[in-house]
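The structure appears right after this line, and notes come after that.
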Amino acid sequence: MTTMKRVIFAILAMMLTVGAVSAQNYMVVDSEKVFKSIESYNDALAQVEKLSADYQKSVDEKFSAVETMYNNYMKQRAALSEQQRAQYEQQILSKEAEATKYQESLFGADGKLMKMRVELIQPIQKRVFETLESFAQQHGYDLIIDISANPTVLYYSEKVDFTERIIEALK
């Protein structure tokens, strides 16, 4: 296909896409504003943040112990035999691996913090998404555009922003 044909094809595809979107009935919502308007969501976030800080402190303590162990080893290294050095190094590596495993158990994808976040926040998210879907279906909207974190939305009319109505529907 020649370059000119590709350009024409791209323009036609873009026009069809724009035409299809403009034929749909859509609404705009700022999900961040919706979530921040829910007290239980803010409480859950605060609880997760506190737990995260507590976990981080305990992880820092474990890694600090590894660092202390390493520093002590470096001070004594010259006076140690080859066998003692190897033993000491193995202890340090073992302690570091233990601290890393502990950190992963708290902050990893399947860690305690993620599980707590899911437990506390997922029911609130489910309620918001169900409210959005119900509202859209009741009022005949085919598409909901979230403007909270979408840098590609350059303009929208206030008449299609239903954020405040969704907040009211959640109360």
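For residues that are of a type in the set (Ser, Thr, Tyr), in a loop (DSSP other than H, G, I, E, B) and surrounded by 10 or more Cβ atoms within 10 Å (Cβ to Cβ), scanning just the stretch 146-171, find the one that is modelled with the highest pLDDT.
This residue is Ser148.
So which residues in the stretch 51-67 are among the hydrophobic types (A, V, I, L, M, F, W, C) and surrounded by 12 or more Cβ atoms within 10 Å (Cβ to Cβ)?
Leu51, Val59, Phe63, Ala65, Val66
Please specify each residue of the stretch 68-82 satisfying the condition of being of a type in the set (D, E, K, R) and either surrounded by fewer than 12 Cβ atoms within 10 Å (Cβ to Cβ) or on the phi > 0 side of the Ramachandran plot (or both).
Lys75, Glu82
Residue check: is Tyr26 within 21 Å of the chain's Cα centre (by Cα) and either among the hydroxyl-bearing types (Ser, Thr, Tyr) or surrounded by 12 or more Cβ atoms within 10 Å (Cβ to Cβ) (or both)?
Spelling it out, it is not the case that Tyr26 is within 21 Å of the chain's Cα centre (by Cα) and either among the hydroxyl-bearing types (Ser, Thr, Tyr) or surrounded by 12 or more Cβ atoms within 10 Å (Cβ to Cβ) (or both).
Just to be sure I understand, how many residues within the stretch 118-137 are touching a Leu at 6+ places or on another chain (Cβ under 9 Å) and either over 18 Å from Ile167 (Cβ atoms) or open to solvent by 20 Å² or more (accessible area, probe 1.4 Å) (or both)?
3
Specify which of the listed residues (Tyr41, Tyr73) is assigned to a helix (DSSP H, G or I), under 30 Å from Leu120 (Cα atoms) and among the aromatic types (Phe, Trp, Tyr).
Tyr41
Going residue by residue through the stretch 132-141, is there one that turns out to be of a type outside the set (Ser, Thr, Tyr), more than 25 Å from the chain's Cα centre (by Cα) and within 30 Å of Leu51 (Cα to Cα)?
no
Hey, can you tell me all the residues within the stretch 70-126 that are of a type in the set (D, E, K, R) and free of Cβ contacts under 8 Å to residues at least 24 places away in the same chain?
Within the stretch 70-126, Lys75, Arg77, Glu82, Arg85, Glu89, Lys101, Glu104, Asp110, Lys115, Glu119, Lys126 qualify.
Restricting attention to the stretch 98-114, does a residue exist that is over 30 Å from Val28 (Cα atoms), among the aliphatic types (A, V, I, L, M) and surrounded by fewer than 11 Cβ atoms within 10 Å (Cβ to Cβ)?
yes
Would you please name the residue that is surrounded by the most Cβ atoms within 10 Å (Cβ to Cβ), looking only at residues in the stretch 83-97 that are within 30 Å of Gln56 (Cβ to Cβ) and not charged (D, E, K, R)?
That would be Tyr88.
The values are calculated or read from the model by the stated rules, or taken from the named source; none is laboratory data. Here the structure is a predicted model, which means the values were calculated and not measured. Positions of Cβ are backbone-derived with ideal geometry, glycine not excepted, and every protein chain shown enters the neighbour counts. Ligands, DNA and RNA are stripped out before the accessible areas are found, and what is left, the full protein with its side chains, is counted by its heavy atoms. Shrake-Rupley method; radii C 1.70, N 1.55, O 1.52, S 1.80 Å.
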